[in-house]
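Let me begin by presenting the structure, written as structure tokens, before commenting on it.
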Amino acid sequence: MSNSTAEPVKPLSTEQLSATTLLRFATAGSVDDGKSTLVGRLLHDSKSVLTDQLEAVERVSASRGADAPDLALLTDGLRAEREQGITIDVAYRYFATARRRFILADTPGHVQYTRNMVTGASTADLAVVLVDARNGVIEQTRRHAAVAALLRVPHVVLAVNKMDLVAYDETVFAKIAEEFTAYAGELGVPEITAIPISALAGDNVVEPSSNMDWYGGPTVLEHLETVPVSHDLATCHARLPVQYVIRPQTAEHPDYRGYAGQIAAGAFRVGESVTVLPSGRTSKVAGIDLLGQPVDVAWTPQSVTLLLEDDIDISRGDLIVPSGDAPATTQDVEATVCHVADTALSVGQRVLLKHTTRTVKAIVKEIPSRLTLDDLSQHPEPGRLVANDIGRVRIRTAEPLALDSYADSRRTGSFLLIDPSDGTTLAAGMAGDAFATPADEAAQAGAADDEGWDF
């Protein structure tokens, strides 16, 4: 087991941080598979734990009669989590090495917290799915693989944990890796890397294990530091949701009109022809301001201000796109949603749909099916979705939306459904055929309404 003596943390310089890339990743696994211990071990052995944090963990561990610090306490922050020894909420951690910066989401493993995993993995570039080497691939493992596939997470790591409890047996690891890889491959997961580990002992987490000389692959940290996260801008659909219209109207800038926002995907260049959606008006990029300086090109995820050659009506919620690569606008949205609220989502329910910076009224016209992640079966016409359910929906919006397919763009193909009465988030949606087989295309007519919701 690694030495638990605290060492001073040496923060990276600004120059080092700016030269590294950012990886967002999430951990998932069944209860007691060791997710929090893996995360704690990763933070501890990579020297990403502050001295006072480690001392607090050592005190709590000693009060419980433990011989060594319980590194799971570094992420299990809620009192209920520590008392039960489980993860309930999504615990976020930020750390960095000399090669890369990381945002880590430690998600809970219980079935009733599937929605929390969706939250943690929705922006992840990589998911670490843990499996207890003694139990192998179980239903919850398949559920987590299905959620990763549903959310189009591009890289999945299978961490076969507790190898120390199976005498570091290569056969056990090979069997689990083969079963999981076959299942995840059928779901369309593009890349799967299997790593045998012991989070408790530190084997293959940060340092290579001397107990598994039959394994020649990377450690968990080595893989996290080297997995590619670059975006191919040439094949990305360029999208800029407008957050704010800048008009100083000062003596220095009497005619300045800029459209500010974070580039959701792709790149924009000065001189490029663009279309503003949903209006369909066109213009050309006259200039791009980035951090107060003019540039010729900007790309995701930079926050910029675009200046156009023509004065056209643009406001918050509009989407600026290349004229030759504009998505179709629609008021009829078909999507897969994960229901995250405690109250049910029902056919005929009035909601607000938030897509990028645009929020519009909408009505749930139909719920064609509910997906069971255990066996990927479809249950037709459930009538409603309850917490943690994943299903297909058909929604009619009051105004046109410029939605991409989630398969093409995770940023501009996703949306939220919100309760208009109190602002509660009801469901996270993925437009198009993100995962489930689309139900039949017949439209369902809705009843008229007299409060502006009949559209």
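Observations
- Here Arg142, Arg115 are screened, and the one residue that is more than 29 Å from Asn211 (Cα to Cα) and either outside any strand (DSSP E or B) or under 22 Å from the mean Cα position of the chain (by Cα) (or both) is Arg115.
- Residue list for the stretch 389-431, restricted to those being of a type in the set (A, V, I, L, M) and in contact with a Phe, Trp or Tyr (Cβ under 6 Å, 6 or more places away or on another chain): Ala398, Met430, Ala431
- For His237: the one exception among (1) out of contact with any helix residue (DSSP H, G or I) (no Cβ under 7 Å at 6 or more places or on another chain); (2) part of a loop (DSSP other than H, G, I, E, B); (3) closer than 21 Å to Thr356 by Cα: (1)
- Cβ-Cβ contacts under 8 Å between residues 6 or more apart (or on different chains), taken from a first residue in the stretch 371-388 that is closer than 13 Å to His339 by Cα to a second residue that is surrounded by fewer than 14 Cβ atoms within 10 Å (Cβ to Cβ) and charged (D, E, K, R), are listed as Ala387/Asp342.
- Single residue of Pro196, Pro228 found to be without any contact (Cβ under 8 Å) to a residue 60 or more places away in the chain and over 14 Å from Gly29 (Cβ atoms): Pro228
- Within the stretch 366-392, considering residues that are of a type in the set (D, E, K, R) and farther than 18 Å from Arg115 by Cβ, the one surrounded by the fewest Cβ atoms within 10 Å (Cβ to Cβ): Asp375
- The residue that is farthest from Phe25 (Cα to Cα), among those in the stretch 157-193 that are outside any helix (DSSP H, G or I) and polar (S, T, N, Q), is Asn161.
- Check on His223, farther than 30 Å from Ile312 by Cβ, of a type outside the set (Gly, Ala, Ser) and touching a residue at least 40 places away in the same chain (Cβ under 8 Å): yes
- In the stretch 175-207, residue farthest from Leu126 (Cα to Cα) [restricted to those that are surrounded by fewer than 21 Cβ atoms within 10 Å (Cβ to Cβ) and touching a Pro at 6+ places or on another chain (Cβ under 9 Å)]: Ala177
- Among (1) at pLDDT 95 or above; (2) open to solvent by 60 Å² or more (accessible area, probe 1.4 Å) - the single one Ile395 does not satisfy: (2)
- Residue that is at pLDDT 80 or above and either under 24 Å from Pro208 (Cβ atoms) or surrounded by 13 or more Cβ atoms within 10 Å (Cβ to Cβ) (or both), where the choices are Ser30, Ser61, Ser46: Ser30
- Within the stretch 279-302, the set of residues being surrounded by fewer than 16 Cβ atoms within 10 Å (Cβ to Cβ) and under 18 Å from His355 (Cα atoms) comprises Ser279, Gly280, Pro301.
- Boolean, Thr114 is surrounded by 23 or more Cβ atoms within 10 Å (Cβ to Cβ), at pLDDT below 90, in contact with a strand residue (DSSP E or B) (Cβ under 6 Å, 6 or more places away or on another chain) and closer than 19 Å to Phe180 by Cβ: no
- A single member of Ile363, Ile320, Ile312 is open to solvent by 10 Å² or more (accessible area, probe 1.4 Å), at negative phi and at pLDDT 95 or above, and it is Ile363.
- Any hit, the stretch 430-442, residues being modelled with pLDDT of 85 or more, closer than 27 Å to Ala146 by Cα and open to solvent by less than 10 Å² (accessible area, probe 1.4 Å): yes
- Failed item in (1) more than 22 Å from the chain's Cα centre (by Cα); (2) within 22 Å of Leu277 (Cβ to Cβ); (3) crowded, with 16+ Cβ neighbours inside 10 Å, with Ser409 passing the rest: (1)
The values are calculated or read from the model by the stated rules, or taken from the named source; none is laboratory data. Source: prediction; values computed, not measured. Here the Cβ is made from the backbone with ideal geometry for all residues, glycine too, and neighbour counts use every protein chain on show. Accessible surface areas use protein heavy atoms only, side chains included; no ligands, DNA or RNA. Shrake-Rupley method; radii C 1.70, N 1.55, O 1.52, S 1.80 Å.
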